[in-house]
């Protein structure tokens, strides 16, 4: 478990599963795949199998051993709701998250329908507890259907990561969404993000009262383009620890 991270919107990362397979164009230049494949075939390395999907039971209890409350990004190197992750293993991850309720867990997926189905199975008519944040990735209008799955999901805290933002997202409905993250792609083949796409999401968040976090413009390196949007940093969180109130856009 990594107790520090360069991901701006979280404090730590926890990977009880690593590896994944691609589902949409947002996966094309996956940073996790790029990192993992560097170590394929290195004997004894955690990523000896590269980016092949790998279940890691020895890591399941790690958050219980960390007593200081943290925001923890779950499976930064995978997708917990990948179809090949057994439901019994997902159960064990949720068991840990429920028990370690002094943390806030951030679970992000592109398999939004599988997430919604799992939450129905686990919570029946109820919802996941509020310290388990459930989110989906949306990179353009073609993937915006994941938002509908999220709105209907049995989660108390719901968030969307518009990263990498590869196109306009269209007329999205943010009803019931608590938090939005926007970021451009980074890496050697990074695709550019247009300012108007990010500003449109900011406008929609302001109208819906959704906390807004602008992560990066992206580029060859994550910090190449900086973090300013409309002349300021946006570091809002969906709780009392927000670093700023919802603010109007800077004048053009």
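The values are calculated or read from the model by the stated rules, or taken from the named source; none is laboratory data. This is a predicted model, so every value here is computed, not measured. Positions of Cβ are generated from backbone atoms using ideal geometry, with glycine treated the same way; all protein chains shown enter the neighbour counts.
The table below gives the values:
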item: Filtered residues of the range 137-178 (kept if surrounded by fewer than 19 Cβ atoms within 10 Å (Cβ to Cβ), in contact (Cβ under 8 Å) with a residue 24 or more places away in the chain and closer than 14 Å to residue 197 by Cβ); result: 140, 141, 142, 167, 168, 170
item: Complete set of residues in the range 1-22 that are surrounded by fewer than 16 Cβ atoms within 10 Å (Cβ to Cβ) and in contact with a helix residue (DSSP H, G or I) (Cβ under 9 Å, 6 or more places away or on another chain); result: 1, 21, 22
item: Flag for residue 39 being outside any helix (DSSP H, G or I) and in contact with a helix residue (DSSP H, G or I) (Cβ under 6 Å, 6 or more places away or on another chain); result: no
item: Matching residues in the range 204-221 - criterion: being within 18 Å of the chain's Cα centre (by Cα) and either under 15 Å from residue 8 (Cβ atoms) or outside any helix (DSSP H, G or I) (or both); result: 210, 211, 212, 213, 214, 215, 216, 217, 218
item: Any hit, the range 49-66, residues being at positive phi and part of a loop (DSSP other than H, G, I, E, B); result: yes
item: Search result, residues across the range 222-240 that are surrounded by fewer than 16 Cβ atoms within 10 Å (Cβ to Cβ), part of a loop (DSSP other than H, G, I, E, B) and either more than 19 Å from the chain's Cα centre (by Cα) or modelled with pLDDT of 90 or more (or both); result: 224, 226, 228, 231, 233, 240
item: Test set (1) free of Cβ contacts under 8 Å to residues at least 12 places away in the same chain; (2) closer than 29 Å to residue 235 by Cβ - residue 3 fails condition number; result: (1)
item: Subset of the range 1-26 (residues that are out of contact with any strand residue (DSSP E or B) (no Cβ under 9 Å at 6 or more places or on another chain) and part of a helix (DSSP H, G or I)); result: 25
item: Which numbered condition residue 32 misses (of (1) surrounded by fewer than 14 Cβ atoms within 10 Å (Cβ to Cβ); (2) within 20 Å of the chain's Cα centre (by Cα); (3) part of a helix (DSSP H, G or I)); result: (1)
item: Condition met for residue 72 (surrounded by fewer than 19 Cβ atoms within 10 Å (Cβ to Cβ) and either closer than 21 Å to residue 13 by Cβ or modelled with pLDDT under 95 (or both)); result: no
item: Test for residue 201: is it more than 16 Å from the chain's Cα centre (by Cα), closer than 23 Å to residue 110 by Cβ, at pLDDT 95 or above and not in a loop (DSSP other than H, G, I, E, B); result: yes
item: Answer residue from the range 47-57, given it is out of contact with any helix residue (DSSP H, G or I) (no Cβ under 9 Å at 6 or more places or on another chain) and without any contact (Cβ under 8 Å) to a residue 40 or more places away in the chain and is surrounded by the fewest Cβ atoms within 10 Å (Cβ to Cβ) among those; result: 48
item: Residues (in a helix (DSSP H, G or I) and either surrounded by 15 or more Cβ atoms within 10 Å (Cβ to Cβ) or in contact with a strand residue (DSSP E or B) (Cβ under 6 Å, 6 or more places away or on another chain) (or both)) located in the range 179-198; result: 197, 198
item: Any hit, the range 68-81, residues being touching a residue at least 60 places away in the same chain (Cβ under 8 Å) and farther than 30 Å from residue 24 by Cα; result: yes
